[in-house]
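The values are calculated or read from the model by the stated rules, or taken from the named source; none is laboratory data. Since the structure is predicted, the reported quantities are computational estimates derived from the model, not experimental observations. Cβ placement follows ideal geometry from the backbone for every residue including glycine, while neighbour counts extend to all protein chains displayed. Areas reflect the complete protein model, heavy atoms only, side chains present, ligands, DNA and RNA absent. Shrake-Rupley method; radii C 1.70, N 1.55, O 1.52, S 1.80 Å.
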Amino acid sequence: MSDKEKIRIDIICCAPALIEPALDVSILGKARSKGIATIVVHNLHDYAEDKFRHIDDTPFGGGAGMIIKCAPVFSCIEKLQAERNYDEVIFLTPDGNTLNQSVVTELSMKRNLILLAGHYKGIDQRIRDMLVTREISIGDYVLTGGELPALILTDAITRLLPGVLGDAESAFGDSFQTGLLDAPYYTRPAEFRGLCVPDVLLSGDHAKIARWREYQSLLKTTERRPDLLS
Ligand code: ADE
């Protein structure tokens, strides 16, 4: 693989311990050790202005919760941007655009990404106005912070990079990658507790199997996600 195809993802967050262990495991760990993906986690507390490492403060105008301050985020992002050009600075937030596989595919073709994970009530709007280029939500529910969404986005991007998945795990027929939900799969034994694998899958007729899978894909998508068909 040429250097051109490699990706670097910098994750900026308040709680690196939520993310770091997962980055060394399984396919993400392999992608990192093969040098296909460089993933670096930055602790916002390291960029705090005071010796107590405060990175948040109460909101102007009152209200519950704490807001991440501008200074640590600006310092961290400006330091990174002085080192290389970033294609996107992505803020993970429940009010962002909902993530889908086509956004993941688009991002997997970039070279350098910053993922900014919020925590607490939110971040100062000036960070969003001045630094953030894209805002992404992983779904209509609220988590304690953006760390896990950043990890999810990193995982989804990394598995699409050339050389990361072997043939056995290929992303080729994935649900959504084709625009449809994936067909059902079975493995040995052909009968388990009286439950039989569909005959067609044992037929050895690859054209017939492909047609069956396509039909099953369409059927499942029609039943579960008709919105994907339009
Ligand atoms: N932070 C908290 N909840 C989130 C979500 N659903 N998506 C992205 N970031 C978040």
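Below is a table of values for the structure above.
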{"quantity": "DSSP bridge pairs, the chain: antiparallel proportion in percent, nearest 5", "calculated": "15 percent"}
{"quantity": "Solvent-accessible ranking of S217, S203, largest area first, probe 1.4 Å", "calculated": "S203, S217"}
{"quantity": "With at most 10 neighbouring Cβ atoms within 10 Å, loop chymotrypsin sites (Phe, Trp or Tyr not before Pro) (DSSP) excluded, longest segment of the chain", "calculated": "61-140"}
{"quantity": "Cα centre as origin, Lys/Arg/Asp/Glu Cβ charges: the range 143-216 dipole, Debye", "calculated": "180 debye"}
{"quantity": "GNM result for the chain, Cα springs below 10 Å: residue of T144, T158, T105 fluctuating most strongly", "calculated": "T144"}
{"quantity": "Fraction of accessible area attributable to carbon and sulfur, the chain (%, probe 1.4 Å)", "calculated": "53 percent"}
{"quantity": "Area of E223 that stays accessible when all protein chains are in place (1.4 Å probe, Å², to 10)", "calculated": "140 Å²"}
{"quantity": "Spatial separation of Cα centroids for the range 119-171 and the range 31-47, in angstrom", "calculated": "14 Å"}
{"quantity": "Exposure rule at most 11 other beta-carbon atoms within 10 Å, DSSP loop trypsin sites (Lys or Arg not before Pro): the chain longest free segment", "calculated": "85-192"}
{"quantity": "Nearest-20 debye value, the chain charge dipole, Cβ charges on Lys, Arg, Asp, Glu", "calculated": "400 debye"}
{"quantity": "Other-chain or far-sequence residues with amide H under 5 Å of R8's (modelled H)", "calculated": "T38, N112, L113"}
{"quantity": "Length-normalised contact order for the chain - Cα pairs under 8 Å, 6+ apart - percent", "calculated": "21 percent"}
{"quantity": "³J(HN,Hα) computed for each position of the range 219-230 - Karplus, 6.51 cos²θ - 1.76 cosθ + 1.60, integer Hz, glycine/proline x", "calculated": "4, 5, 5, 4, 6, 9, 9, x, 4, 6, 7, 8"}
{"quantity": "Cα lying deepest toward the dipole's positive end in the range 1-138, options N85, G96, V132, charges on Cβ", "calculated": "N85"}
{"quantity": "Listed pairs K69/K121; K6/K30; K51/K121 exceeding 20 Å between Cα atoms", "calculated": "K51/K121"}
{"quantity": "FRET E, pair D227, D46, Förster distance 45 Å, beta-carbon r, rounded to 0.05", "calculated": "0.55"}
{"quantity": "Contact order normalised by residue count of the range 31-94, Cα under 8 Å, 6+ apart, percent", "calculated": "22 percent"}
{"quantity": "Top positive-direction residue, dipole computed over the chain with Cβ charges, set N112, A156, Y215", "calculated": "Y215"}
{"quantity": "The chain, accessible area per residue, ligands and nucleic acids excluded (1.4 Å, Å²)", "calculated": "58 Å²"}
{"quantity": "Size of electric dipole in the range 33-152: Cβ of Lys, Arg +1 and of Asp, Glu -1, about Cα centre, debye, nearest 20", "calculated": "280 debye"}
{"quantity": "Of I157, I19, I11, the one that fluctuates the most in a GNM where the chain has Cα springs shorter than 10 Å", "calculated": "I19"}
{"quantity": "Calculated [θ] (222 nm, deg cm²/dmol) that DSSP helices of n ≥ 4 give over the chain, each run adding -39,500 (n - 2.57)", "calculated": "-9000 deg cm²/dmol"}
{"quantity": "Shape category assigned to the range 87-230 from the gyration tensor of Cα positions, a/c cut at 1.5", "calculated": "prolate"}
{"quantity": "Residue-wise HN-Hα coupling along the range 180-186, computed from phi with Karplus coefficients 6.51, -1.76, 1.60 (Hz; x: Gly, Pro)", "calculated": "10, 6, 6, 6, x, 10, 9"}
